[in-house]
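Inspection log for the structure reproduced underneath, given as structure tokens.
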Amino acid sequence: MSELRVLSVYEGFFSGGARILHSDVILGLHGAAQEHAVLSIQGEMHREATRQRLEDDACYRALTGAGVPVSALRRGETGPPPPDPAGFGGPEPEDFSAEELAAVARATAAADVVLSLKEQPLALLNQAGLPLRPVVVCLHRSDPENQGAALDALLAAVEAGRVRAGVCCAESTRAAYAAAGVPAELLRVIPNGVDLLRFRPDPVQRARWRAALGVDAGAPVVVFAARYAGMKNVPLFLRAARRFLRQEPRGHVLMCGAGMTADNADLRADIGAALGSEPWLAQRMSLLGVRCDMEAVYAAADVVSLTSSSGEAAPLCLIEGMMCGAVPVATDVGDCAALVAGHGLLAPPDPAVVAAAWSEAAARGTEFAPALELNRERFSRTRMIAAYGTLIEQVHHGLVPSPAPLPEPF
């Protein structure tokens, strides 16, 4: 039997949980039964105060290293980001040249099924004249209304019959996109998963990292793994960090992700505003940027926190951190409450309450440990990859229902 050919289309390669997860799926499925390839619209992205080249991205290197063909439609710079990167809707349809559309036509003609990573690439896949291939759109947010033109592109693709399924990483995602007009029968929930062999408690890495940071073995450490974007509510995290560091004289805070470096002038300003008359507290804050060894960072921490105000569905950082033994503390966005239940603490968006929750979570680490260990298989990457593979096969063989036409607008 011939291999099923699958083309994934990315807006671009840049640091973020959705690309990590999608790349994991491709790496897990590429082989005897399925042949995968990736087309990135952009070869370089400017986001989170960071210019990110395709060739520098860890996901790109992992894919190409495994023999997955990866190509970019555009090699140049994308220019500065819009004011709120979280709402970036991708290129406008008229931005695509005849040469680019011809390249996309060749790529889609060589595929049996197309996966769109989020809805942004659908502005490209909706173009007239492209070969008709069933599209599976992978959705990773809980606020489609904030996706601007990308939501319109998704609804247009559904109405045209291009989209045959939508993979939702969380129940909050499914509910939000159904409310936004995507037919419910198209939406399937496949929960996020991680590599349980990689993300696990590691006493050796914990001791090594803490020694490198000059942090005492018993000191409480909080890690914040997020890109520098409005939806992540970095100012709230920093205001909570001020209270935490003041209350915990040995405490330490780690900040990882795109834009989480001293080179980011906006982040420096946020830190200055949050710390106010106590700037010396920054000595116990480490800005680590994008890391390829997050399992070691999480292992060194007692708490993994997320203070997002919108957009989150099933945040990868909470899952990875939990699997490494860090107790999760999160605001109530997307499926965070379900992820944290029994494993950690939920906190309202109040700096004092968040800081108190960090101290409580660090103190109760041994109490939460049995539940984290018991529920590890729930967060298995193997389970996630198998579910994606089954859905792709079903779409290819026409085993998913076609959506009913969208109702006419009033």
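Computed from the coordinates by the stated procedures, all read-outs in this text should not be read as laboratory data. Keep in mind the model is a prediction, meaning the values are calculated, not measured. Quick reminder, even Gly has a Cβ in these numbers, built from the backbone with ideal geometry, and neighbours come from all protein chains shown.
Data for the structure
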quantity: Mean projected area (nm²) of the alpha-carbon convex hull when the chain is viewed from all directions; calculated: 20.0 nm²
quantity: Sequence-separation-based contact order of the chain, relative, with Cα cut under 8 Å and 6+ spacing, percent; calculated: 16 percent
quantity: For region 203-378, size of Cβ-based charge dipole, Lys and Arg +1, Asp and Glu -1, in debye; calculated: 380 debye
quantity: Spread of Cα-to-Cα distances over 5 Å intervals beginning at zero, given as percent, for region 203-378; calculated: 1, 9, 19, 24, 23, 16, 6, 1, 0, 0
quantity: The chain: calculated mean residue ellipticity at 222 nm from DSSP helix runs of at least 4, using -39500 (n - 2.57); calculated: -11000 deg cm²/dmol
quantity: Per principal axis, descending, Cα span of region 296-344 in whole Å; calculated: 28, 19, 13
quantity: For region 203-378: relative contact order, % (alpha-carbon pairs under 8 angstrom, 6 or more apart); calculated: 24 percent
quantity: Label-point separation, residue 293 to residue 397 (7 Å along Cα→Cβ), nm; calculated: 4.5 nm
quantity: Among 135-142, 240-247, 303-310, the order from most to least packed when residues are scored by Cβ within 10 Å on average; calculated: 135-142, 303-310, 240-247
